Amino acid sequence: MSGLRFGALPGNSLVICIDMQRVFMEPGDWHCPDAERIWPKVIRLVSARPDQSLFTRFISADTPADAVGAWQRFYRHWEGVTINRLGIAPYDLHPDLAAISRPENVFDKTTYDAFDTPEFAAAVADRKPGALVMCGVETDVCVLATVFSAVDLGYRVVLARDALSSADLKTHEACLHLLESRFDLQVEIADTGDILNDWTEQ
């Protein structure tokens, strides 16, 4: 019996690894301490299907003045993480992920939603995936925004519960509760082991 609500994952499903970057995994203004806990599960997912894994990187504005609209207020508050102040290197993927990923499967974004990046949206659409398996950070920000777009586009969405986290664990749990209770016909949440066990080869 499948551990997923809607049955086994089709072989052409994709892993969407969201923002597992140094800026979120190392001490600093945007550090997500719990990322270390989920790290082994993230690595397990992408290592199982490296050719079917897409990676996103959130890239800050150069300066607050370079941002658009309300993003200027956001970056005035978080000026310490702007490219002008922090540099670009912390926005790299974690080195272990960089070693697994291929350049054509890494997509930069300047908003929370990965689908707001046309190249990412096209890459997913071109593959016609049977499902999108999401992992990474942060559940209540970039993951959530990307989930909503994926749902609106009609993709089957599976969240790897033990491969997701946030700097705010209360809102992380609140988001999972929201998705389980209000989006239960469009979003499935399961542990990494169950996801991989229910992923067909064809």
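The values are calculated or read from the model by the stated rules, or taken from the named source; none is laboratory data. In this text the structure is predicted, and so the values were computed from the model without any measurement. Quick reminder, even Gly has a Cβ in these numbers, built from the backbone with ideal geometry, and neighbours come from all protein chains shown.
Among the listed residues Thr192, Thr117, Thr171, which satisfies the condition of being over 22 Å from Ser60 (Cα atoms), of a type in the set (S, T, N, Q) and in contact with a Lys or Arg (Cβ under 7 Å, 6 or more places away or on another chain)?
When all the criteria are applied, what remains is Thr192.
What helices (runs of 4 or more DSSP H) completely inside segment 90-202 contain at least 3 residues that are touching a strand residue (DSSP E or B) at 6+ places or on another chain (Cβ under 8 Å) and farther than 24 Å from Pro33 by Cβ?
Because the criterion is at least 3 residues that are touching a strand residue (DSSP E or B) at 6+ places or on another chain (Cβ under 8 Å) and farther than 24 Å from Pro33 by Cβ, the helices (runs of 4 or more DSSP H) in segment 90-202 that meet it are 118-127.
Collect the residues in segment 42-63 that are closer than 15 Å to Thr139 by Cα and outside any strand (DSSP E or B), keeping them in residue-number order.
If the condition is that a residue be closer than 15 Å to Thr139 by Cα and outside any strand (DSSP E or B), then Val42 is the only one that fits.
A quick yes/no check of all residues on (1) of a type in the set (Gly, Ala, Ser); (2) in contact (Cβ under 8 Å) with a residue 40 or more places away in the chain; (3) touching a Phe, Trp or Tyr at 6+ places or on another chain (Cβ under 8 Å):
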site	(1), (2), (3)
Ala48	yes, yes, yes
Ala65	yes, no, no
Thr82	no, no, yes
Ala89	yes, yes, no
Met134	no, yes, no
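Filter segment 1-21 down to the residues that are closer than 15 Å to Gly130 by Cα, of a type in the set (A, V, I, L, M) and not in a strand (DSSP E or B), then identify the one that is nearest to the chain's Cα centre (by Cα).
Top of the filtered list is Leu4.
Restricting to segment 148-189, count the residues that are in contact (Cβ under 8 Å) with a residue 40 or more places away in the chain and farther than 16 Å from Gly136 by Cβ.
Result for segment 148-189: 3.
Of the residues that make up segment 36-54, is at least one in contact with a Gly (Cβ under 9 Å, 6 or more places away or on another chain), exposed (fewer than 15 other Cβ atoms within 10 Å of the Cβ) and farther than 18 Å from Ala150 by Cβ?
No - not one qualifying residue is present in segment 36-54.
Scan Ala160, Ala167 and give me the residue that is closer than 19 Å to Val46 by Cα, at pLDDT 95 or above and among the aliphatic types (A, V, I, L, M).
Selected residue: Ala160, the only one of Ala160, Ala167 that is closer than 19 Å to Val46 by Cα, at pLDDT 95 or above and among the aliphatic types (A, V, I, L, M).
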